[in-house]
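> Here you go, one structure.
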Amino acid sequence: MNYAEAVRYIGALRRFGMKPGLDRMRRILSKLNQPEDGLCFYHVAGTNGKGSVCAMLAAMLTALGRRTGLYTSPGLGGFNGRIAIDGKPISEEEFAEHVDAVRRAADASDPPTEFEVLTAVALLAFRSAGVERVVWETGLGGRLDATNVVWPHVTGITNVSYDHVDILGPTLVDIAREKAGIVKPGVPVVTACADAAYRVIERTAARLGSRLVSVGRDVQFTAVKAGFQLEGAYRGLHRDAPSVRLGLVGEHQAQNAAVSLAMLEVGEGQLASDDWERAIHSLGSVRWPLRCEVFRLAGRLVVIDGAHNEEGARTLARALHRLGSETGDSGWRMMFAAFADKDVRGMLAHMLPLASEALVMRSPHPRGADTGALAAVAQEIRPDLSIRVMPSIDGAIEEAMKGKGPIVIWGNLYMTELARNTIIALGAEEWQ
């Protein structure tokens with residue numbers, strides 16, 4: 001099996017959709033001789049921010065000299081881009097080899113999902129490479145997520161907000177219970193959850209005898225300067241860091257940094273001073289594609305963010321307001337797409353007040369929302385706004401570049417990845 005064949009095989013599994021449950025994964029892993037055994041997992045769940053937490057945590061572990069595997073969902077640069085070792089995606093050849101092994105181990109009468117195959121491939125890759133630490137991001141929820149077949153060293157739950165309510169439940173308490181499903185007996189858990197969601201995590205940890213570390217109570221990251229790169233101070237479990245510079249943009253990264261630093265402290269114990277300084281320094285070079293990325297293109301400010309739920313949109317709106325204040329830019333020309341099952345009205349309510357124009361597209365995914373429906377909702381929220389349906393991503397970028405003012409491309413990871421590829425091909429450069 002070559003890479004193209006592997007991609008076709010995985011793509012064909014999409015017709016089966018999502019099938020929550022762990023039995024298929026367990027059967028596959030049993031036939032693969034339990035590739036998860038012996039690996040040290042930092043398992044991260046949450047509605048928003050878990051990708052950023054994983055990126056920061058992986059960077060710090062790598063800086064400490066640990067051979068580190070990173071599994072994220074979704075990733076940039078193809079399926080193999082979701083699986084990285086010491087910051088580098090596994091090769092297409094290795095990816096195809098492991099996909100073939102998973103295909104042969106799968107039960108044809110109960111085919112695995114796309115995500116289950118990728119998860120098993122990641123475990124095979126990490127076992128083959130002899131990684132010392134695995135930063136392991138959940139896909140959806142936690143309790144029945146395919147990643148929950150492992151026994152973690154540390155768990156982290158970033159936050160809980162409304163998303164995937166048709167699967168995870170209609171209330172924050174319901175969603176928190178699903179996220180808390182990654183907590184294991186006696187395994188420490190770090191969380192930035194608040195209010196009712198926090199109480200669910202707290203009760204779960206107490207019931208399972210797991211140490212609970214709470215951001216804001218046990219550890220804290222205080223933002224000192226929030227601009228293109230946030231600067232702040234960390235108060236930790238074993239060590240403090242009075243001056244931390246993050247490579248990721250937005251004030252919300254303060255909370256994500258606190259979760260990642262606390263997970264590092266819990267998992268690695270009290271580090272030597274030199275090791276701690278190396279870990280802290282590594283945070284300044286962390287980049288996470290499609291998460292409030294800031295570019296310059298032909299003298300224009302372009303922000304790309306895969307915010308795909310209401311909380312993500314609220315967070316992005318705050319970041320755009322601050323960026324606009326610092327640069328003098330205002331009136332964002334917005335390119336937007338979403339999945340049909342998302343709270344589009346809630347998302348747009350946060351973002352459209354910042355817009356000077358909205359260009360609506362269909363996400364290049366079977367779950368993409370109808371553009372006419374998106375435009376209608378947007379027009380209800382902002383009757384005064386120019387809202388146009390665009391037939392293609394490239395066409396929308398071309399149109400956005402004709403006008404004045406900064407551009408933001410947001411709402412769906414599938415669309416934003418393709419848009420990112422286009423603007424880089426056009427000469428976009430990372431804002432420093």
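The values are calculated or read from the model by the stated rules, or taken from the named source; none is laboratory data. Remember, it's a predicted structure, so these values are computed and weren't measured experimentally. Note that we place each Cβ from the backbone using ideal geometry, even for glycine, and neighbour counts take in every protein chain shown. Accessible surface areas use protein heavy atoms only, side chains included; no ligands, DNA or RNA. Shrake-Rupley method; radii C 1.70, N 1.55, O 1.52, S 1.80 Å.
> Kindly report the accessible area of region 23-163 per residue (heavy atoms of protein chains, probe 1.4 Å, no ligands, DNA or RNA), in Å².
Details: 4560 Å² over 141 residues.
Accessible area per residue, region 23-163: 32 Å².
> Using the crude model of +1 on Lys and Arg Cβ and -1 on Asp and Glu Cβ, and no other charge, please compute the dipole size for region 181-270 relative to its Cα centre, in debye to 20. Before the final figure, lay out the partial values.
Details: 10 positive and 8 negative charges, 49 e Å.
So the dipole magnitude of region 181-270 works out to roughly 240 debye.
> Once Lys and Arg get +1 and Asp and Glu get -1 on their Cβ, which of Met1, Leu348, Leu413 lies farthest toward the positive end of the dipole of the chain?
Leu348
> For the charge dipole of the chain, defined by +1 on Lys and Arg C-beta atoms and -1 on Asp and Glu C-beta atoms about the Cα centroid, which residue among Leu172, Gly395, Tyr162 has the Cα displaced farthest towards the positive pole?
Farthest towards the positive pole: Leu172.
> To the nearest 20 debye, what charge dipole does the chain have about its Cα centre, counting +1 at the Cβ of each Lys and Arg and -1 at the Cβ of each Asp and Glu?
Working: 48 positive and 50 negative charges, 90 e Å.
Result for the chain is approximately 440 debye, rounded to the nearest 20.
> Once you charge only the Cβ atoms, +1 for Lys and Arg and -1 for Asp and Glu, what is the size of the charge dipole of region 1-94 about its Cα centre, to the nearest 20 debye? Numbers along the way, then the final one.
Working: 13 positive and 8 negative charges, 80 e Å.
Value, rounded to 20: 380 debye.
> Suppose each label sits 7 Å from its Cα in the direction of the beta carbon; what would the Ile424-Arg245 distance come out to in nanometres?
If labels sit at Ile424 and Arg245, their model points lie 2.4 nm apart.
> In addition: Taking all protein chains together and a probe of 1.4 Å, list Lys404, Lys50 from the most accessible to the least accessible. Don't jump to the answer; show the numbers that get you there.
Values: Lys404 185, Lys50 25 Å².
Greatest to least solvent exposure: Lys404, Lys50.
> Another question about this same structure. In whole percent, and with a 1.4 Å probe on the protein chains, what portion of the accessible area of the chain is carbon and sulfur?
Values: 8460 of 17020 Å².
Carbon with sulfur: 50 percent of the solvent-accessible area.
> For each pair in Lys342/Lys404; Lys19/Lys179; Lys225/Lys404; Lys179/Lys342; Lys19/Lys50; Lys88/Lys342, compute the distance between the two Cα atoms and list the pairs where it is over 24 Å. Don't skip to the end; give the middle numbers.
Working: Lys342/Lys404 30 Å; Lys19/Lys179 17 Å; Lys225/Lys404 28 Å; Lys179/Lys342 19 Å; Lys19/Lys50 22 Å; Lys88/Lys342 32 Å.
Lys342/Lys404; Lys225/Lys404; Lys88/Lys342, as the Cα separations exceed 24 Å there.
> Counting other Cβ atoms within 10 Å, keep those with at most 10, restrict to DSSP loop, and tell me which trypsin sites (Lys or Arg not before Pro) in region 168-224 are left.
Filter output for region 168-224: Arg217.
> Hey, rough spin-label estimate for His281 and Lys402, points 7 angstrom out along Cα→Cβ, what's it come to in nanometres?
5.0
> Another question, if that's okay. Which residue, Leu32, Leu261, Leu413, tops the fluctuation ranking in a GNM of the chain built on C-alpha contacts under 10 Å?
Highest fluctuation of the listed residues: Leu32.
> For region 119-214, what does the relative contact order come out to in percent, with C-alpha contacts under 8 Å and a separation of six or more? All intermediate terms of the calculation are to be shown ahead of the outcome.
Details: 138 pairs, mean separation 23.8, N = 96.
Computed value for region 119-214: 25 percent relative contact order.
> Compute from the Cα atoms of region 125-236 the Rg and the Dmax, the latter being the longest Cα-Cα distance, and quote both in angstrom.
Taking only Cα atoms of region 125-236, I get Rg and Dmax of 15.5, 42 Å.
> Here's a follow-up. Report the FRET efficiency, 1/(1 + (r/R0)^6), for Ser386 and Ser30, where r is their Cβ-Cβ distance and R0 is 45 Å, rounded to 0.05.
Working: r = 57 Å, r/R0 = 1.27.
Rounded to the nearest 0.05, the efficiency is 0.20.
> May I ask you to list the residues of region 382-417 whose amide nitrogen lies under 13 Å from a point 7 Å from Cα along the Cα→beta-carbon direction of Ala194?
Output list for this probe position: empty.
> A further question follows. Among Gly21, Gly65, Ala338, pick out the residue whose Cα is farthest towards the positive end of the charge dipole of the chain, where Lys and Arg carry +1 and Asp and Glu carry -1 on C-beta, about the Cα centre.
Value computed over the given set: Gly21.
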